[in-house]
Every structure is written in C-alpha cells, then in structure tokens.
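The values are calculated or read from the model by the stated rules, or taken from the named source; none is laboratory data. Computed from a predicted model, the values in this text were never measured in an experiment. Ideal geometry is used to build each Cβ from the backbone, glycine not excepted, and the neighbour counts take in all protein chains shown.
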Amino acid sequence: MAAIVTTAMSAVGLLRRSKLAMAGAGMFLVLLLVGAAAPSMISASIVRDVHFEGKLMPPDARHWFGTDDYGRDLFSMVLLAANLDLSASIAIVAVATVIGVVLGALAGFVPRLDQPLMRITDIFLSVPNLVLAMAIAAVLGRSIGNLSIALVFVWWPIYCRLMRGQVLSEREKPYVKALAVLGVGRWRTIFRHVIPNAIFPVIARAPADVGLVLITMAALSYIGFGPGPYVPEWGSLIASGQAYIFQAPWLVIFPGAAIFLTSLSLNLIGDWARDAFDPRLRS
C-alpha cells in the first residue's frame with residue numbers, strides 16, 4: 001500500500017511538471033464534461049427530427065457546425081456522440097482491464113491455470129484486432145452494446161498477458177515467500193498483495209488504450225458495425241457525411257476533429273502515465 005501511495009504522489013508531481021500532460025488532461029476533462037452534460041442539454045428528439053428545408057447548411061451563428069443531410073444540427077449530434085463514444089471507450093477498457101488483470105494474476109500465480117489461460121489468450125491474440133472485432137460484432141448484431149462486447153474480447157487478452165508477466169516476476173520476491181511462510185492464503189496473497197504491486201504497467205497502458213479503442217470503435221461504426229442510424233456516433237457521422245464531402249465538408253471535418261482531439265489528449269495522458277507508472281521507466 002505504501003508503494004501505491006508513493007507512486008501516486010510521484011505521478012501527481014510529474015503531471016504538474018509536464019505541460020503536455022496537463023494540456024492533455026485538461027483537454028480530455030473538457031471533452032468528458034461536455035459529453036456527460038450533452039444528454040441533459042440537448043433533446044434526444046433532435047436525432048429523429050427531419051428538416052429537409054434546412055439540410056446541408058454551412059456553419060453559422062445558429063448552427064455552429066452546420067446541418068447534415070437531414071437538416072439536423074451537427075453540433076448537437078457531435079456532442080451527443082461524444083457522450084456515447086467516451087463512455088463506451090472508458091467502459092470497454094475498464095472491463096477488459098478487470099478481466100485481464102484477474103485472469104493474468106491467476107495464470108501467473110497458479111501454475112495449473114497458466115497453460116490453459118495462456119493458450120486461450122494466444123488464440124485471441126493470433127487474430128488481428130480489427131478482424132476479430134468485426135467477426136464478433138457480425139455474429140452478435142449491430143448495436144453499441146454488441147460492439148462494446150466485441151472490443152472487450154479484443155482487449156482483455158492484452159492485459160491478461162501483461163499482468164501474467166508482472167505476476168511471474170512479483171511472485172519470486174521475498175515478501176511473497178514470507179507471506180507463504182506466515183500462512184497467508186494464496187487468494188489473499190494474490191488480491192491483497194501481488195495485484196496491487198504488479199498493476200502499475202497496466203495503469204500505464206490504459207489511457208492510450210482508451211484512445212485506441214475509440215478509434216477502433218469509430219472505424220467499425222464507419223464500415224457498418226456500429227449502432228443504428230438514429231444513434232449519434234462519431235464514426236457513423238463520418239460515414240453518413242462522406243457522400244457530401246465536397247459539397248458539405250463540415251459533415252466529415254467536425255466529427256473527425258473530435259476523434260483526433262480526443263485521441264491526442266489520451267495519448268498525451270498515456271505518455272505521462274508510462275513515465276509515472278511503468279517501473280522500467282521509473283527506475
């Protein structure tokens with residue numbers, strides 16, 4: 001526990017000293033707050049309302065991002081999509097992390113579970129991420145929930161293998177052997193001592209993975225594996241706007257800019273997290 005507190009304090013100090021990390025954290029916080037507030041500020045009916053007389057209007061004082069081919073306010077659509085994309089990306093990485101950490105810790109600490117779990121992990125990792133996600137999403141059907149499940153299946157093996165390697169190193173340390181001599185149970189040792197000390201590389205990886213999940217989810221939505229047409233999502237907005245890219249380029253520019261800025265902020269946070277939490281860099 002002392003190591004966790006010390007590392008957290010060091011990470012906060014490093015964040016304050018890094019202007020890029022502070023900029024990334026500030027940018028992501030703004031995007032997160034805007035996305036969280038969007039459903040309460042914008043009526044859900046805007047997604048289904050059609051105003052053909054006002055379609056493909058360029059950005060102006062009334063419609064900051066212009067309107068789409070159905071006459072819907074693109075600014076509102078992008079904000080509603082921010083809520084969906086950010087919450088889904090964070091949830092996907094959180095669930096994949098929990099599954100991967102628990103299974104990786106068991107594989108690294110319980111020898112009889114190591115081979116079965118690693119073979120399952122190898123099967124998942126042998127298939128390219130996008131191909132695996134497409135296959136699972138195609139089987140489950142088109143919805144944001146099914147797409148999220150598909151991406152969890154893609155990401156948990158990565159965290160499982162990472163955590164296993166850390167636990168294999170951690171279990172050889174003197175304190176683990178001392179706990180065994182003192183009669184501390186295996187499960188208590190794993191969950192109370194080994195995982196908290198081995199989890200730092202996982203924490204270091206997670207922020208950048210949120211950005212990568214966001215891009216992957218947008219790509220899958222772009223090619224038709226995302227939510228339905230009445231669910232705002234950045235990839236889907238780009239897909240629907242590509243037919244008008246020369247006539248109304250703002251339909252692609254603004255959702256694309258949202259993806260870029262979010263990914264940029266998460267990568268800046270990820271660089272800070274690696275410097276702060278990766279033991280190889282901290283040493």
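Checked against the criterion of being of a type outside the set (Asp, Glu) and within 23 Å of the chain's Cα centre (by Cα), segment 165-182 has at least one qualifying residue.
Name the single residue that is modelled with the highest pLDDT among those in segment 209-244 being surrounded by 19 or more Cβ atoms within 10 Å (Cβ to Cβ) and in contact with a Lys or Arg (Cβ under 8 Å, 6 or more places away or on another chain). Within segment 209-244, the match that is modelled with the highest pLDDT is Phe225. Screening Ala94, Ala135 for residues that are under 20 Å from the mean Cα position of the chain (by Cα), closer than 30 Å to Lys173 by Cα and surrounded by fewer than 15 Cβ atoms within 10 Å (Cβ to Cβ) leaves exactly one candidate, Ala94. Residue pairs whose Cβ atoms lie under 9 Å apart, separated by 6 or more positions or on different chains, with the first residue in segment 54-69 and within 18 Å of Phe246 (Cα to Cα) and the second small (Gly, Ala, Ser) and not in a loop (DSSP other than H, G, I, E, B), are Phe65/Ser76; Thr67/Gly54; Asp68/Ser240; Asp68/Gly241; Asp69/Ser240; Asp69/Gly241; Asp69/Ala243. For segment 42-52, taking the residues that are closer than 17 Å to Leu251 by Cα and either surrounded by 11 or more Cβ atoms within 10 Å (Cβ to Cβ) or not aromatic (Phe, Trp, Tyr) (or both), the one that is farthest from the chain's Cα centre (by Cα) is identified as His51.
Scanning segment 151-200 for residues that are part of a helix (DSSP H, G or I) and acidic (Asp, Glu) yields a count of 1. Among the criteria (1) under 27 Å from Phe260 (Cα atoms); (2) surrounded by 20 or more Cβ atoms within 10 Å (Cβ to Cβ); (3) in contact with a Ser or Thr (Cβ under 7 Å, 6 or more places away or on another chain), the one Cys160 does not fulfil is (1). Restricting attention to segment 245-266, the residues that are closer than 23 Å to Ser18 by Cα, touching a residue at least 12 places away in the same chain (Cβ under 8 Å) and surrounded by fewer than 17 Cβ atoms within 10 Å (Cβ to Cβ) total 2. Scanning segment 53-75 for residues that are crowded, with 20+ Cβ neighbours inside 10 Å, of a type outside the set (D, E, K, R) and touching a Gly at 6+ places or on another chain (Cβ under 9 Å) yields Thr67, Leu74.
Looking only at segment 72-91, decide whether some residue is modelled with pLDDT of 85 or more and in a loop (DSSP other than H, G, I, E, B). Among the residues of segment 72-91, at least one is modelled with pLDDT of 85 or more and in a loop (DSSP other than H, G, I, E, B), which makes the answer yes.
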